1. Report yes if residue B:208 is outside any helix (DSSP H, G or I) and free of Cβ contacts under 8 Å to residues at least 60 places away in the same chain, otherwise no.
2. Out of the residues in segment A:14-27 meeting the condition of being surrounded by fewer than 19 Cβ atoms within 10 Å (Cβ to Cβ) and without any contact (Cβ under 8 Å) to a residue 60 or more places away in the chain, tell me which one is nearest to residue A:220 (Cα to Cα).
3. Report the residue count in segment B:263-297 for those that are within 17 Å of the chain's Cα centre (by Cα) and either in a helix (DSSP H, G or I) or within 13 Å of chain C (Cβ to nearest Cβ) (or both).
4. Against the definition (within 19 Å of residue C:281 (Cβ to Cβ), of a type in the set (A, V, I, L, M, F, W, C) and out of contact with any Phe, Trp or Tyr (no Cβ under 8 Å at 6 or more places or on another chain)), how does residue B:97 come out, yes or no?
5. Could you check segment C:1-54 and list, in sequence order, the residues that are surrounded by fewer than 24 Cβ atoms within 10 Å (Cβ to Cβ) and of a type in the set (Ser, Thr, Tyr)?
6. Only one of these conditions is not met by residue B:219: (1) within 14 Å of another protein chain (Cβ to nearest Cβ); (2) modelled with pLDDT of 95 or more; (3) surrounded by fewer than 24 Cβ atoms within 10 Å (Cβ to Cβ); (4) under 17 Å from the mean Cα position of the chain (by Cα). Which number is it?
7. Being away from chain B (no Cβ under 14 Å), within 28 Å of residue B:303 (Cα to Cα), in contact (Cβ under 8 Å) with a residue 24 or more places away in the chain and not polar (S, T, N, Q) narrows it down to one of C:74, C:35, C:101, so name that one.
Amino acid sequence: MNGTPLLSVESLSVFYGHFRALDAVELSVGAGEIVSIIGANGAGKSSLMKAIVGQADRIEGRICLEGADLADRSTAEIAKAGVALVPEGRRLFSSLTVEENLRIGQEVGREGDIGFDDIYRMFPVLRERRRQLARQLSGGQQQMVAVGRALLANPKLLLCDEISLGLAPVVIGDLYEMLPKIRERGIGILVVEQDISRSLAVADRFYCLLEGRVNLSGRPAETSREIVARHYFGG
Amino acid sequence: MKASTGAFAIWCGRLALFAGAAVLVAAPWLFRVTDIALLTEFLSLLTIAVMWNLVAGYADIVSVGQHAFVGIGAYAFFGFAVIARIDPFLAIPLAALVALLFAIPVMAIIFRLRAAYLAVGSWVVAETLMLAAGKLSAFGGGSGISMPVSVVRIFGAHPAERYATIYWIAFAVAALSLVSTWLLMRSRIGLGLTAIRDDEQGAGVVGVNLSGLRILCFLWAAPFLGLAGAVITLQKLRVAPPASFSIIDWTVYVIFIVVIGGIGSFEGPIIGTVIFFLIRSYLSEIGVWHFIILGVLSIAVVLVEPRGLWGLVRRFLPEDVIPITRRPPLPGRPTEQASRPAESIAHE
Amino acid sequence: MLGGWLNQIVQGVLLGGLYATFAMGLSLSVGIMRFVNIAHGDLIVLVSFLILTLTTTLGLSPLAAVLVTLPITFFGGYLLQRLLLQRVLGKGVLPIILVTFGLSIIVQNGLLGTYGADTRKVAGGSFETATLMLGGGVNVGVLPLTIFLSAIAMVVVLDFVLYRTRLGARIRAVSDDVAAADLIGLPSARIYATAMGIVGVTIAISAGFMSIWTNFDPTSGPSRLLVAFEAVVLGGLGSLWGTLAGGIIIGIAQVVGAQVDAAWQLLAGHLVFLAIFMLRPEGLFPKY
């Protein structure tokens, strides 16, 4: 990482009413890098994702994409600037077809070279099912649509919020195999996951959140499992 | 210092409430006949407002068809007192009973609609009942019918005497509805209702029987509205579909009263009714504009302070003037405030 | 005798076409934004008065007057949603009902103050009285027939917009899950406002038909709202073809009721609505 990182989060605090969900968090994601956020339930992972896409109630600090501050920008503007979210629970538009869901991803995003064919090559089953309603798909297929929808926005930064939740291990494996391929396109990926081993295996770097603060960061290969576990549970 | 000013304000409020009640008790000896008639109207509207607040503000049944029960009460009273020739004083509680009986099928219809559509659904039912009342030839059909002098005289040979009698009936109805509803709100049922008002889903989780409470409130309101209808018939001395089932008088005004005064509080409808009568007596000469002012005011209230004028005042007071919920022990409050947002994060 | 009844049914179907045009906009706002605009009928009456003013003061033909009002009602609907209704959307049932209820009273009394309480009608010329004799005692007015065919056209066009266009996909997406739309950067407030603009266009069209075919006065709104609501509920929430069918059922019930006794027209419509609603509370063609 040299020069300005793709995403830099500087002393970010996120508030819901009087409750402080994140407290002075610092982190960065480079282009073509996979960064994992790990932490227990309620550690502030989802709040971080929401804050980056501009959906937090109130924030302090800075969130910059390629050096430009995203504060005061609407979610739609942030999406156009090149941030795409795969939301927790997939959140597809259930009465729209697969193709319509994907097209909405394309419409909210920015211009770029990722097209429908790329998505269908990545997930061939979606091509067969493109005319079906999203709610008629299996959970794994729905998650493919959610990832495809985000990729069609041609993001510089892809946010993946708990993409393994409620899916069979085989399906999760397939999805996680896609991440390095996406990284090859120069897209920075921020992965939020409760499944530590899965997300550390794929990550270049990680941050551990506890009660809204970063209490550990580093490279998975250079950090022992005991240390990670201790920080995860707050020993 | 601050706590004592708050407590002082509370006691001033309670004093004003008791002073108001005392004036109402002494009214027949204090005021002229026209003022007594106005106060009778005030008490009827207050009764209807308290009931709409219970139904819409607490039980979350946003009905715009409650005027149906006023009309049913009016027609039932007329039917018992004039057509069936029953003692008119007995006809009044019987009117309440008929309103209650009608509430059951009405409820069976409108409770099938989801909350957002219940409002207009209740209006359809009220409209249907009004049109049906216009088909009753014994009640003068669409143009209505006056009460015969013989029945009217039972309430007083002279107008002044009659006005006083009707006033006392209206007073009794309003007092009964206020006190009994206050007792209802102070019971365990009231705790459940407050939970519904504040957060319906949360209330369901902690084991409040939502549909049971909604049914209870809807059935609770109907007989009181029927009583109000009987009083109004006594005052107007006639029944007619558009007047007895008047959506303007018994629903539009009442919604404005409750919304502006403060929905979901016991004080709100009382304050709202007082303000409404002030606005009406000073602004009624500007015709349609007083409706427009009321409409704009109520929209502004919803946007700015959904709890109405009382909600605005209540921010500066440590407790309710009319206490309904038993207060939790003081240390309980801060922890509750701190833990709520944390829970909502965890749900994400 | 049989021909007489057949004629009544045909007249009822045609009246139902008018009711369906009232209900089309309400059906959209119920299906997309999940609320009932209590001022819906009053807005139809408001636009009818606008059309009346355009025809009488500027001498426009009714058709030209409706065309002039289309952009006005589109932006009117857009701004109403953006500036007022959006502020109370998603905050529960009570606020949106109270706001549209207040709006209804404001519109009614604003019209009373401006135009007085007189009953009005827009002159439609010879078009208004032309009749086709279909034989067997069935006579069809050209105006009611035009309205009925327009109601069908409205369903076809709205269905096309909703299910075959990008805008339609966006509208359905926001209607499906507004929070998800907000999360991925689909501007829900703007899309809702556009949908309300489309509702505004349907209001202008129905106001144009109503002002030529029936009398109206500033307090006519609520009865239009009730009929529209009944058509929407009978048809099944969110289904436009269902709404058309619902309008036709109410129309037939009213015309046949009036045949029994003129004073029974409105009551018959309501009673038939309540009866069918009790049997099929989800409507005839439920979508959700």
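The values are calculated or read from the model by the stated rules, or taken from the named source; none is laboratory data. Since the model is a prediction, treat every value here as computed from it, not as a measurement. Virtual Cβ from ideal backbone geometry, glycine too; neighbours counted across all protein chains shown.
1. So residue B:208 passes the test.
2. So, considering only residues that are surrounded by fewer than 19 Cβ atoms within 10 Å (Cβ to Cβ) and without any contact (Cβ under 8 Å) to a residue 60 or more places away in the chain, the one nearest to residue A:220 (Cα to Cα) is A:15.
3. So the count comes out to 13.
4. Considered against the rule, which asks whether it is within 19 Å of residue C:281 (Cβ to Cβ), of a type in the set (A, V, I, L, M, F, W, C) and out of contact with any Phe, Trp or Tyr (no Cβ under 8 Å at 6 or more places or on another chain), residue B:97 comes out as no.
5. Passing the criteria: only C:53.
6. (1)
7. C:74
Here's the yes/no breakdown for (1) touching a Pro at 6+ places or on another chain (Cβ under 6 Å); (2) outside any helix (DSSP H, G or I); (3) under 22 Å from residue C:50 (Cα atoms):
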| residue | (1), (2), (3) |
| --- | --- |
| C:111 | yes, no, yes |
| C:123 | no, yes, yes |
| C:127 | no, no, yes |
| C:137 | no, yes, no |
| C:140 | no, yes, no |
| C:145 | no, no, no |
| C:149 | no, no, no |
